[in-house]
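Notes to accompany the following structure.
Nothing in this text is a laboratory measurement; each read-out follows from the coordinates by a stated rule. If you're wondering where the values come from, they're calculated on a predicted model, not measured in any experiment. FYI the Cβ positions are ideal-geometry reconstructions off the backbone, even for glycines, and counts take in every protein chain you see.
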Amino acid sequence: MCGIVGYIGALSAKEVLLNGLGRLEYRGYDSAGIALMGEDGGAPQILKTTNKVEALRKDAEAVPDAHAGIGHTRWATHGAVNVINAHPHRAGRVTLVHNGIVENYQRLRARLADQGRTPVSETDTEIAAMLIDSYYRGDPHEAVRRAAADMEGSFTLAILFDDHPDKVYAICRNSPLTVMHTGQGSFLGSDVLAFLHYGRKYYAPANDLLCELTAEGIAFFDPADRPVALQEKTVDWDVDSADKQGYPHYMIKEIHEQPSVLRRTVRQYIVEDRVDFSCDDLEPDLFEGVEHVHIVACGTAMHAGLTAKPMFEQLAGVLVSVEVSSEFRDREARINPRTLYILVSQSGETADTLAALRRIREGGAKLLSVINVKGSTMARESRNVVYTQAGPEIAVASTKAFTTQVAVLFLVALKMAQDRGVDVSNEVAALRRVHKQVERVLSRRPAIAEAARMLAAARDIFYLGRGMDMALAEEGSLKIKEISYIHAEAYPAGEMKHGTISLIEPGVPTVLIATQKNCYAKSLLCAQENRSRGGEVLLIVPDGWHVEKDGADVVLRIPGDGGFMSAFGAAATLQLLAYECAYQKGMPIDQPRNLAKSVTVA
């Protein structure tokens, strides 16, 4: 969840670290800190704040620059949000920053206490620093390697040693790490975004490889301290796509990027009007003999699975189940070899989804990962990967990642139906046009902003839908909770009368999504039931569908004639509703409280 950076070279280490932390602040912003190492070694200069990175930048103005250093932006897991618990942490001659969780830190803490070592913070990170220092006898490799062998859980560590000022060390296990070397020096970060402005080629070290960064280059060592050669990777999107480009928030920029990323994602996998994944080198028999599809994901990615479920079942004729990754990993379900398991993650680093992936892989079942980030841990550990082509997504509230995930899952469903002899040419053609549908929704932003006023004044909101629309209701509810801090609940429209309708009263609005013709009349009946009890209804329906004059308080139209492909226009409408609501309330849209972009701890 946290973001870490490191640098050594000829540039201003202070500027490189602060700029990198600013780009990684989406990973956590409870506190921030840097450690700057002088050329002569000794204790590095450490600065910490419980404010944002910009506050740290101001604090750093009076601090002398350095040639090397490490930095951290925190999403708190162990200990309160205060300066003592902020990173970097220091023990003896060791200073480090950490992303992840050291699960056995209490046992390690007790062992270190027996040696007379007592931490000053509440963090597992300080325990890691103390552990490395306890092993340190002048050889950083040995100290880091022995400490890593003692630690359980997930971690990425960036480490400075007082008496090795010409090196920065890093190691990871089940937690993201990228490193880069250019003529300007060596860089490390939780995400390539941290140093993308300095180059496009990078390395993604595997678990337990020790990285030794110097101004001249990067060396990698396996757990036996043998040098290892890694294959360099290349970022396949431009630097500008990681910036706001004049938009007030990343979220609204990323909402507006959806037409282009949807077009790119869909067209990559359609060849001569047929779905074709050959460019991603999937196993040729991946979809053969599949009787059941089990989609495993978290949060928004799980909602993408729910949105795609009806298409799999109706067109491909396979039973589909969708499960939250944390629930899947904790229960003792049998892995079925005739089931295709589809794991969905924007970052490819989601801890619970990674754990599910490893369990499925050990069970020998067919597995497909849908990911946005090439070189991520899930990408490295999956034989079969389809990429969403969304580009970098910085805002905590996911938008373009969601719609491209839905698009890829639709493509997989169409591929399975196609392989079973079903004519899906109409659906393929419609999917190629969905980017135009989203463009038209974006042109209706003023009407959506006006409709958002009804929601901005509410304390509670219900989101309702049937079938695929229920999945979209779940996602719409999550979006407005994330960035507006309004309590919102999503329910199947048919379930409202089974208890929940008792909560409907004046001042409690309902957002009703109705894009499926087979249940449209029933959806409108639900709207009437709510309005008869004083609740306001905001209805989202396709263009041209009839709505009685008193059928809803506000009607928002989406392009098209309903059905599966309406998911994209409805999703964009719900995203804009949440954004405009939060904007009107003056909320920190890109950095909502208590949240981080990539959930890399379980």
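Key figures
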| item | result |
| --- | --- |
| Solution diffusion estimate, µm²/s, Stokes-Einstein, the range 438-590, Kirkwood Rh from C-alpha pairs, 20 °C, viscosity 1.002 mPa s | 143 |
| C-alpha long axis of helix 105-114 to longest principal axis of the chain, angle in ° | 20 |
| Relative exposure of 359, 137, judged by other C-beta atoms within 10 Å (fewest first) | 137, 359 |
| Cut-off 13 Å between beta-carbons: net charge of the residues surrounding residue 113, Lys and Arg +1, Asp and Glu -1 | +2 |
| Under 5 Å, built H, 5+ apart or other chain: amide partners of residue 121 | none |
| The range 71-135: C-alpha gyration tensor shape, a/c 1.5 cut-off, then a/b vs b/c | prolate |
| Label-point separation in nm, residue 548 to residue 149, each point 7 Å along Cα→Cβ | 7.6 |
| J(HN,Hα) series, the range 450-457, from Karplus relation 6.51 cos²θ - 1.76 cosθ + 1.60, nearest Hz, glycine and proline x | 5, 5, 5, 4, 5, 7, 4, 8 |
| Mean Cβ neighbour count within 10 Å, used as a protection proxy, ranking 59-65, 203-209, 560-566 highest first | 560-566, 203-209, 59-65 |
| FRET efficiency estimate (nearest 0.05) - Cβ-Cβ, residue 115 to residue 163, R0 22 angstrom | 0.60 |
| Spin-label proximity, residue 274 to the range 408-425 - amide N less than 14 Å from point 7 Å beyond Cα toward beta carbon | 415-425 |
| Vicinal HN-Hα couplings computed from phi for the range 507-517 (Karplus, 6.51 cos²θ - 1.76 cosθ + 1.60; Hz; Gly/Pro x) | x, 10, x, 10, 9, 10, 9, 9, 10, 10, 4 |
| Cα gyration tensor shape of the range 237-432, rounded if a/c is under 1.5, else prolate or oblate by comparing a/b with b/c | oblate |
| Antiparallel bridges, percent of DSSP beta bridges restricted to the chain (to nearest 5) | 60 |
| Under 5 Å, built H, 5+ apart or other chain: amide partners of residue 322 | 295 |
| Protection-proxy order for peptides 463-469, 119-125, each taking the mean of Cβ atoms within 10 Å per residue, highest first | 463-469, 119-125 |
| Residue-by-residue Karplus 3J(HN,Hα) for the range 576-586, coefficients 6.51, -1.76, 1.60, Hz, glycine and proline x | 5, 4, 5, 4, 5, 5, 5, 4, 5, 8, x |
| Qualifying aspartates and glutamates (Cα of each under 18 Å from Cα of residue 201; at least 8 residues distant if same chain) | 191, 212, 216, 232, 236, 238, 240 |
| Fully extended contour minus Cα-Cα distance, from residue 39 to residue 122, at 0.36 nm per residue | 26.8 nm |
| Cβ crowding within 10 Å averaged over residues, with 412-422, 388-398 ranked highest first | 388-398, 412-422 |
| Cα gyration tensor, the range 3-235 - rounded (a/c under 1.5), prolate or oblate | rounded |
| Radius, Kirkwood style, for the chain when every pair of distinct Cα atoms is counted (Å) | 25.2 |
| Length added when fully stretched, residue 459-residue 335, from 0.36 nm per residue minus Cα-Cα | 40.4 nm |
| Label-point separation in nm, residue 522 to residue 247, each point 7 Å along Cα→Cβ | 3.7 |
| The range 426-544: relative contact order as a whole-number percent, Cα under 8 Å and 6+ apart | 25 |
| Mean projected area (nm²) of the alpha-carbon convex hull when the range 386-497 is viewed from all directions | 9.2 |
| Long-range HN-HN contacts of residue 537 with modeled amide H, under 5 Å | 510, 553, 554 |
| Projected label distance in nm at residue 184 and residue 222, using a 7 Å step from Cα toward the beta-carbon | 3.5 |
| Partners for residue 517 among lysines (Cα-Cα distance below 24 Å; same-chain residues under 8 apart left out) | 309, 436, 497, 549 |
| Mean Cα-pair separation over length for the chain, i.e. relative contact order, pairs under 8 Å, 6 or more apart, % | 12 |
| Overall dimensions of the range 167-277 by Cα: Rg and Dmax, Å | 18.0, 54 |
| Helix 140-150 vs. the chain, principal-axis angle (Cα, 0 to 90°, nearest 10) | 50 |
| Sequence of 475, 254, 427, 327 once ranked by neighbouring C-beta atoms within 10 Å, starting from the fewest | 327, 427, 254, 475 |
| Helix 124-135 vs. the chain, principal-axis angle (Cα, 0 to 90°, nearest 10) | 30 |
